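Working notes for the structure below.
The values are calculated or read from the model by the stated rules, or taken from the named source; none is laboratory data. All figures in this text were calculated on a predicted structure; none of them were measured in a lab. Note: ideal-geometry Cβ built from the backbone for every residue, glycine included; neighbour counts use all protein chains shown.
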Amino acid sequence: MHLDAGQQIGKDPWFITGIGILLLLGFLAVAGPFLVPHDPYDISFSPLRPPSADHWLGTNDGGMDILSELVFSLQNTVIFGVTAGMAGLVLGVVTGLFSAWAGGWTDQVLMRLADIVLAIPSVMVLILVAAFFQPSPVVLALALAGLAWPTTARGVRAQALTLKNSLHIKAAQRMGGSGRYIIARHLMPELFPLYLINFAAKTRMAVFMEASLAFLGLFDPGEKSLGLMISYALQYYYLDIWSNWLMPPIMLLSLLIMGATFVTISLEKNFDPRLRKTV
Amino acid sequence: MHTAAFTKKMLQNSLAGLKEKFFQVGNHGLAAMVLAVVFMVIHICVPGTALGSEIRIADSKGDWGYPNPFRHYPRGPGYVRMSWVFDTLVWKDKNGYIPALADTWSYDPNTKAFAFTLNPRAKWHDGRPLTAADVVFTIAYFKQHPYRWISTHALDRAEAVDDHTVVIYLAGPYAPFLSDIGGAMPVLPEHIWETVTDPFVFDDPSAFIGSGPYMFKDFNKTRGTYLFEAFPDYYQGVPKKERLVYVRSGKPMMSLITGQVDLANIRPDMAKPLREKELAVIENECGWNKKIMINHKKPPFDNPVFRRALAYAINRQEIIDKAHRGFATPASYGLLSIDHDMYNPDTPRYPWNPQKAENMIASFGWAKGPDGFFHKHGQVLEIELISSNLTVAGDRVADRDGEIIKKQLTDIGIRVHLRNQEQTTTDSRVKNWDFDLAISGHGGIAGDPRILSEMISPVYGAGSVNSARFDDSPELNRLLEAQMVEMDPARRKQIVFKIQELYADQMPAISLYYPDTMAAFNQDNGVTWFYTRGGISKGIPIPQNKMSLIR
Amino acid sequence: MRIWKKKWSTPVLVYLTAALLMAYASFRLPHLLPGDFVTAMYAGSDVTLNAEQEAELRAFYQNTDGFQGYLRNLATLDWGYSHAFMAPVSQLFLQALPWTLLLMGTAHVLSTLLGFVLGVEAAWRRGSLLEKAGVGIMTVLEGIPEICSGVLLLLVFALSFGWFPAAGAQMAYADHTFGQWLADVVHHLTLPLATLILAYLPGNFLLARAGMVMVLESWFVLTARAKGLPPVRVRYAHAARNALLPMVTRFGLRFAFMITGALVVETIFSYPGLGTLLFNAIAMRDLPLVQGIVLFSSIMVLVVNLGMEYVYHLLDPRVGHAS
C-alpha cells in the first residue's frame, strides 16, 4: 500500500512542484551564503541605494546589501523551521505512541496534558520566553516545538490505536512480542507516512511563526530573518523600496511556505488512509 | 481509482465541456479583478468625511491614560493630553514663559516666596470661578497625594492673600520653580477634590473638570482615541476649533496626505514629499539625545580614562550618516542641548580618533593579540552592548545604532556582543547595574538645567533608568546641588557651565546625537503649530502646545 | 478512534483541572518577565524618580495577594485592575472583545461557510476544470501567509490607491448616521478581513472538499442518489453533513486561537483588539491585564474544545456506538 502511494506521489504535480521549490530554496539556504557577494552584516555601504551592479537588490537602511541579507535570512528561517518541525515531530511521535501503547491512566494523563498544552496561547508563551531568556532562535524553535507536539501526538495516537487493534499486531502480541518490540518493529515504521505529513506541516507552521514573531519585533532585531526584513522595509513604506527591498522577502517567504504546503497536501492526499481515496 | 475519476470527469463534462472550460478560464482570470471591483464599490459607498471645525492629531501609540493628573501616563504625550483640560499658573510658547492662570508673578528673595496674581476671568468647566483658594488647595493636595510630575518638597506652604492673589513660600531656594511648579502644576478645583480620598481610583466625570481650553469628553482605551470639546468660557478666549480629536495611526504620512489627520509627528525623510503636498513641516530644536549608558561601577569602565577612550573610538558622524541618513546633529558631551541658553561651548570634545583610543586602552596593560583584539592576562577585552529601539516621544523605530557602534569598537580591538533587547528588559538591566554598555536616550535637555542633576546624580535620579547615577566626583556632586538652589540666573549659568565641563571630563555616559525631530501639519485650517522653546512644560518635545489653538 | 468513551463527567473534570492549571500559569508566567510596571512606565518618562519615590511606587503596585487571593478574586468575577489603564481588566476586555469578534469572528464564519460551500461544490464537480482550478488556486493561496498578503493588500489598496484607510477600525468621533457609521466600519474592516479570509479560506475549502469526496464515495450517498433525490438535497442534507465534522474541529481550534492569531493582522492594519491589548500590556508590564487576557483566552480554548466534543457527538452518529 505504501509502495503504491510512494509511486503515485512521484507523479503528483503538486508534490513535484513543492519538492522542487523546497530543494531550490534549500540549496539557496545552504549554498547561498557562499555565493553572495557581501557580508550581510557589513554596514559599510551607503544606505537606501537602489539596485546596482554591485548590489543587485540595493542596500537597506543600515547600508547592508539586501541580496546577501535575503539569503542569510532565508537560511535562518529554514533552520528555525526544520529545527522546530523535527523537535515537534519527535516529541509528538514519542508521546503519541507511548500514550496509545500504554493506554489507561497514562494515556488519559498524556492526552489531558496535550489538551492543556494546546490551550496555552503559544504566541503568548513565546513572547514571554523571548523576553525573559532572550534565547537564540534555536532555543525558541525548541520552545515552539514544546508547544506544537500535541496535534502530532493526537494524530499518531489515533492511528496507532487503529493499528494496535489490527490483526497483525494482535498476532504479534499473541506470539509473545514485547511492548518495545511491537512499538519499534510495527507501530513506528508503519506510521512513517504520518510522520512525513506532520513534519512538513510543523515545519510550515514554524516558518510561519518565525516570520510572524520576527515581524512583531519579538526577535533580536540584529538577527537576519525574512519576517524582520519585511518589518524593517515596511517602516520605509513612504520611500520607493517596494520592488527591491519589501517584495523579495515577501516572495521568498511565500514560496517557502507554499513549497511546504504543496508537499504537505500531497503527502496527505497520498498517504492519509482516510484521504487516500480523494486523489 | 485514477481511471474511475477520469471516466467520471468525462461523463460530467461531456456536454457542457467546451463552453464551461472557456467560461471557467475567464472566470479565474477575472478573480483578482472581481476582488478589486468589490473593494472599489465598498470604497465608493463610504460617505465623505466632513471635518468642519475640528482638529485631528495622529499618535502612533494611542493610549496615554485619562487626561487628569492622577490618571495620565507619566510621559510627555500623557501630560500634553492632560494639559488641554487643566491649566497651570504659567505656560510657555515659542519664546519662553507667558501668563496662563496667573497674569503676573514675582519672586521675593527675602521671604523666598513667589506671588501670583490670577486672571479674574478664569473659570472651571462647571462654571464656578477659579480662585486663589484652589491654588492653595492644589498644593496641599499634591503634598498629600503626590503627583510625580512636580516635586512639592521644594514648597513650604501657599497662602491666598485675596481671591486672586496667591503667595507660594518655598522651603528653601529652588531654581527650577517656574519650570517645575509654575509651568507644570495643573491647578485642581477644590470644590471637587476636597472630598476625594483616593485620587487614583476617582473616575467620576467631575475628575476631568479643569480650567483649560478644552473639556474632556471621551477616551476609548482600545482604539486609543480621545475627544475634547472647546470650553467656550475659556479666560484666554474661545478656542479656535470646536473639537479636538486624537486618533491612533502608525502611518503618519498616509494619514496626513489623505486628510485624516491635521497634525502628526513625522520622520525626517518624509519632510520633502509632504512639503510637496502643501503640508507645513516644522523642526524642533535639539531637545532629545541618544546616549550610551556606561556601567561606571564595574572595571574597566570605572576608570574615566577608559570611558574617554570609548568616546574617542566612537565615530558619531558615521552613526548619523549611516543609521539616520544625516538627519541628526552630534551632541554636546556635556549633556545639555547645544540649543540651551546655558550650553557651554567650551565643553570638552572627543573627536573621533581610533588610534588615540587604542593607545589609551593599551595604557591599561592591554595588548593587541594576533586576532586583532586586546588581551590581558590571557583574557580578551570583551564587552556587552545592549541596544533597544526607542526614539523621541515614545515612538519605537528600529535603528542600526547598535550595529554601527559594535563595528566601531570592534575596529579598535574590543570584542563586542551586541544584544538587542526589548525596552523594559534593557531598562531594568541598566537599573540594576547588570550591563556594560547600553544605548539609551532621553529628552528634557533643552529645558530647565535641573535635568543635569537628575540625569547625573543618584540623589535626584536614583529611580531613573536614564540617569547615570554617578557619585565619584565630589566636586560634580556639589555643583549639582548648588545649581538647584541658585536663584540668580547668571550665577546659575556659571555653575551649569562648570557642570558640563566636569561631566564631559568624567564621562559617566556618552551623549551621541540629537535626532532631527519633525512634525507636519495641514495649514489650510488656520492653525499654526509650533515647537515650544525648551519643550512643553518640563521639556516635552511635542508640537501640541495648547496656545496654537488659542492665539 | 474516539478519545472518550466514558461519560461526560470525565472530560468536564479534566477541563476543569486544565482551567485551574491555566489560572496558575497565567498568574505565574507573567511574573517571569524582566522589569516591572514602574520601570516600564517611568523609563521613557520626563519624570525623574528619586529612590524614595521609586520605592513608594513599587509598594503601591506590589501584588501581595498571591495565587489564592487571585483565585478568590476570580471566583467573584474580579479579574483585577489594570495598572496602566486604571480600569478593571474586565472592562478593558469587554471594550476590546467586540473588535476582535468582529474581525476574527467574521473572518472565521465567512471563510468556514464559504470554504464549506465551495468545497462541497468542488467535490461534486470532481474532475472538472473548475474543480481543478479551484483546488489549484486554493492550494497556492494556502501557501501565502498573512504577513505577505496583509502587507501587499495594505500597500496596494491603502497606501498606493488610497481606497481604504491604512489604520484603525472606524473614523473616531465622526458625526455619522447609523448607515454612515456602518459603512465606515465596513470600510475599515475590508482589508484586514480580506487578509484573514485569504488566509483561512483555502484550508477550509480543501478540508471540505476532501471530506466531501470521501463521503460521496460511500454507500449511503449512492443510495440517496439512487432514490432519485435532487442533487442539491443529496449534497447538503445527506453528504455534506458528514463532511462537516473535520470543519467543526478546525473551526473550534482556530476560533480558540483568535486572540493571538489576530496579532499580525492587527499590527499591520493598526486594528484594535485583544491581540494589540495583550501586546501593549506585556510591553508595559501591566501584569493584571496580561494575566486576565492569558487566562481568558486559555479558558476560551478549553470551553470551545469541550463544546466541540459535544457537537461532535451530536453530528457524528458513529461516535456514539464506537465502542
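Within the set B:TYR107, B:TYR147, the sole residue that is buried (at least 17 other Cβ atoms within 10 Å of the Cβ), among the aromatic types (Phe, Trp, Tyr) and in the same structural domain as B:LEU188 (by TED's automatic domain parsing) turns out to be B:TYR147.
Picking from residues in the range C:260-314 that are surrounded by fewer than 24 Cβ atoms within 10 Å (Cβ to Cβ) and aromatic (Phe, Trp, Tyr), the one that is nearest to the chain's Cα centre (by Cα) is C:PHE296.
Considering each of B:TYR503, B:TYR514, B:TYR531 in turn, give the residue that is of a type in the set (Phe, Trp, Tyr), closer than 28 Å to B:ASP87 by Cα and in contact (Cβ under 8 Å) with a residue 12 or more places away in the chain.
B:TYR531
Of all residues in the range B:456-472, those that are more than 10 Å from chain C (Cβ to nearest Cβ) have Cβ atoms under 6 Å from Cβ atoms of residues that are assigned to a loop (DSSP other than H, G, I, E, B), 6 or more apart or on another chain, in B:ILE456/B:ALA468; B:ILE456/B:PHE470; B:ALA468/B:PRO508; B:PHE470/B:PRO508. The set of residues in the range B:131-152 being away from every other protein chain (no Cβ under 14 Å), of a type in the set (A, V, I, L, M) and under 31 Å from the mean Cα position of the chain (by Cα) consists of B:VAL135, B:VAL136, B:ILE139, B:ALA140.
Within the range C:155-171, the set of residues being among the hydrophobic types (A, V, I, L, M, F, W, C) and more than 15 Å from B:GLY250 (Cβ to Cβ) comprises C:VAL156, C:PHE157, C:PHE161, C:TRP163, C:MET171.
When the residues of the range C:123-149 are filtered to those that are out of contact with any Asp or Glu (no Cβ under 9 Å at 6 or more places or on another chain) and acidic (Asp, Glu), which remaining residue is nearest to the other protein chains (Cβ to nearest Cβ)? Selected residue: C:GLU142. Filter the range C:87-117 for residues that are away from chain B (no Cβ under 14 Å) and not hydroxyl-bearing (Ser, Thr, Tyr) and give the result. The answer is C:MET104, C:GLY105, C:ALA107, C:HIS108, C:VAL109, C:LEU113, C:GLY115, C:PHE116, C:VAL117. Between C:GLY211, C:GLY203, C:GLY179, the distinction of being within 9 Å of chain B (Cβ to nearest Cβ) and among the small types (Gly, Ala, Ser) belongs to C:GLY179 only.
Looking only at residues of the range B:427-441 that are aliphatic (A, V, I, L, M) and either modelled with pLDDT under 90 or assigned to a strand (DSSP E or B) (or both), we find that the one that is farthest from the chain's Cα centre (by Cα) is B:LEU437.
When you check A:ALA201 against the structure, is it hydrophobic (A, V, I, L, M, F, W, C) and either more than 19 Å from the chain's Cα centre (by Cα) or away from chain B (no Cβ under 14 Å) (or both), yes or no? Against the criterion (hydrophobic (A, V, I, L, M, F, W, C) and either more than 19 Å from the chain's Cα centre (by Cα) or away from chain B (no Cβ under 14 Å) (or both)), A:ALA201 qualifies. For beta carbons closer than 7 Å, sequence separation of 6+ or different chains, a first residue in the range A:125-152 that is outside any helix (DSSP H, G or I) and a second that is surrounded by fewer than 18 Cβ atoms within 10 Å (Cβ to Cβ) and at pLDDT below 90, there are no qualifying pairs.
Of the residues making up the range B:351-373, those that are surrounded by fewer than 20 Cβ atoms within 10 Å (Cβ to Cβ), out of contact with any Pro (no Cβ under 8 Å at 6 or more places or on another chain) and part of a loop (DSSP other than H, G, I, E, B) are B:PRO351, B:TRP352, B:ASN353, B:SER363, B:GLY365, B:GLY369, B:PRO370, B:ASP371, B:GLY372, B:PHE373. Among the residues of the range C:34-86, how many are farther than 23 Å from B:GLY461 by Cα, surrounded by 20 or more Cβ atoms within 10 Å (Cβ to Cβ) and within 7 Å of chain B (Cβ to nearest Cβ)? Number of matching residues: 1. Contact map, the range C:155-169: residues that are under 14 Å from C:ALA194 (Cα atoms) paired with residues that are β-branched (Val, Ile, Thr), Cβ distance under 6 Å, separation 6+ or inter-chain. Pairs shown: C:PHE164/C:THR190. Can you find a residue that is within 17 Å of B:GLY78 (Cα to Cα), polar (S, T, N, Q) and surrounded by fewer than 24 Cβ atoms within 10 Å (Cβ to Cβ) anywhere in the range B:237-253? No, the conditions are met nowhere in the range B:237-253.
Mind listing whichever residues of the range C:116-155 are hydrophobic (A, V, I, L, M, F, W, C) and outside any helix (DSSP H, G or I)?
Applying the first criterion (hydrophobic (A, V, I, L, M, F, W, C)) to the range C:116-155 yields C:116-118, C:120, C:122-124, C:129-130, C:133, C:135, C:137-138, C:140-141, C:144, C:147-148, C:151-155.
The one that is hydrophobic (A, V, I, L, M, F, W, C) and outside any helix (DSSP H, G or I): C:ILE144.
Every listed requirement among (1) more than 22 Å from A:PRO33 (Cα to Cα); (2) in contact with a Phe, Trp or Tyr (Cβ under 6 Å, 6 or more places away or on another chain) is met by A:LYS224 save one, (1).
Determine, yes or no, whether B:ALA446 is in the same structural domain as B:ALA331 (by TED's automatic domain parsing) and closer than 30 Å to C:PHE279 by Cβ. No: the conditions fail for B:ALA446.
Output the number of the condition that B:THR424 fails; it satisfies all remaining conditions of (1) in a helix (DSSP H, G or I); (2) more than 14 Å from chain C (Cβ to nearest Cβ); (3) more than 18 Å from B:HIS296 (Cα to Cα); (4) touching a helix residue (DSSP H, G or I) at 6+ places or on another chain (Cβ under 9 Å). Here B:THR424 meets the rest and fails (2).
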